[in-house]
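The values are calculated or read from the model by the stated rules, or taken from the named source; none is laboratory data. These figures come from a predicted structure and were not determined experimentally. Backbone-built Cβ (ideal geometry, glycine too); neighbour counts: all protein chains shown.
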Amino acid sequence: MGERANRVNPRTNGEPRKMARELEGEITEIRSRLDRSLAELDRRRHELTDVKLQARRHPVVVIAAGATVLALLGGLGYAIYLARQRQKPVSKARRLRHAFARMIEEPEKVAKSEPSVPEKILAAVGATAATILTKKLLERAIDSFGRQPEPAAS
């Protein structure tokens with residue numbers, strides 16, 4: 001047990017009034033420390049939620065966040081613009097003319113299109129994964145075949 005587990009203070013020599021005063025003092029001290037801690041936490045909470053103060057303290061972060069938001073909005077706006085441009089009749093006619101030119105230059109490629117770079121990468125990764133998986137399965141099958149006991153001769 002700790003020194004003060006039974007709440008008997010060895011300094012008081014058993015005098016109840018003196019013990020009560022010391023306990024009151026301890027309670028007051030603990031309460032004031034708790035009040036100071038809560039006041040500090042409240043101050044920090046106010047500082048943390050003060051946007052202007054945080055912007056003054058961390059201007060680089062604010063600038064980076066603003067630039068990121070502007071870049072995202074700009075990219076979104078540009079994507080919308082391009083999508084609308086592709087729907088215009090002039091753009092459709094230009095793409096059709098380009099398709100006919102490709103068809104005339106390379107008729108063997110009319111039925112199939114060239115895979116894009118991400119499709120090529122995905123195909124390579126898939127082929128590699130399938131090869132590794134097949135190799136592991138074959139190794140396991142060969143290992144288990146080698147460990148099987150020979151049938152007993154009658």
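Here are the numbers for the structure shown:
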quantity: Helices (runs of 4 or more DSSP H) contained in the stretch 41-154 and holding at least 3 residues at pLDDT 95 or above; calculated: 59-86, 117-147
quantity: Of residues in the stretch 88-101 being under 22 Å from Ser113 (Cα atoms) and of a type outside the set (D, E, K, R), the one nearest to the chain's Cα centre (by Cα); calculated: Ser91
quantity: For Gln85: the one exception among (1) under 41 Å from the mean Cα position of the chain (by Cα); (2) surrounded by 10 or more Cβ atoms within 10 Å (Cβ to Cβ); (3) farther than 30 Å from Lys109 by Cβ; calculated: (3)
